[in-house]
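First the structure, in the form of structure tokens, and then the observations on it.
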């Protein structure tokens, strides 16, 4: 039995990448082309190979911009809200805006870099004495209010005393003026006389004889003067007569000598 050489099958090779297949196909085509065409197409093969390799490269990811942590961002957002709300309230009340918003945004780092925003908020969070400062401010305000209240009460008392003095002074001046005017208009009371009583016969005869011998002399009846309601009054050891209007009269001659000032306890002479 003649031995025959049986062909040995080569094991199947693993499929190459798409890029390698394309390059291999291009190479086979190039082998079939004449030598002159090989040189021309070699450059194209290399270019196509480079294109395939570039297509397979994964696109590079964009770098993510840094963001402010939530605990810091809340304070920045509140700063933005606060100045907007305050200015809106002023405009509602027909007032000027409280503050220029752009300047506030700059000072509060509202639209600044993340590093500056975090540093600004950290200064507040790390300040352990802010509560003590607030309590001290409130205490100072209360102290100032008490001082102002005392000063106002003191000024009110001084004004009240001055008003009382002026009122008393005006009352005295009015009373003096009224008394002076009354003294000018009133007449001094005349000396009161008593009616003549009945005369005896001797006096009657004498009177008749006198009338007979002096016929041209006519005795005129004295006018009776009105009597005033007076009462005794003593001042500094001197006796006077005083009426209801505080007018003073001499206790003997009944002539008016002045008026009595009941406020100052003095005599105003005529």
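The values are calculated or read from the model by the stated rules, or taken from the named source; none is laboratory data. This is a predicted model, so every value here is computed, not measured. Note that we place each Cβ from the backbone using ideal geometry, even for glycine, and neighbour counts take in every protein chain shown.
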Review point. For residue 198, are the conditions met, namely being farther than 30 Å from residue 171 by Cβ, at pLDDT 80 or above and assigned to a loop (DSSP other than H, G, I, E, B)?
Key: no
Practice item. Any residue in segment 160-172 that's assigned to a helix (DSSP H, G or I): show its pairings with residues that are surrounded by 10 or more Cβ atoms within 10 Å (Cβ to Cβ) at Cβ separation under 6 Å, as long as the two are six or more apart or on different chains. Key: 172/263
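Taking residue 176 as the residue in question, decide whether it is within 60 Å of the chain's Cα centre (by Cα), surrounded by 10 or more Cβ atoms within 10 Å (Cβ to Cβ), within 30 Å of residue 270 (Cβ to Cβ) and at pLDDT below 90.
Numbers: within 60 Å of the chain's Cα centre (by Cα): yes; surrounded by 10 or more Cβ atoms within 10 Å (Cβ to Cβ): yes; within 30 Å of residue 270 (Cβ to Cβ): yes; at pLDDT below 90: yes.
Spelling it out, residue 176 is indeed within 60 Å of the chain's Cα centre (by Cα), surrounded by 10 or more Cβ atoms within 10 Å (Cβ to Cβ), within 30 Å of residue 270 (Cβ to Cβ) and at pLDDT below 90.
I need the full set of residues from segment 256-267 which are assigned to a strand (DSSP E or B) and within 18 Å of residue 230 (Cα to Cα), in order please. Explain how you work it out, then say what you get.
Going through segment 256-267, the residues assigned to a strand (DSSP E or B) turn out to be 256-261, 266-267.
Listed by number, the residues that qualify are 256, 257, 258, 259, 260, 261, 267.
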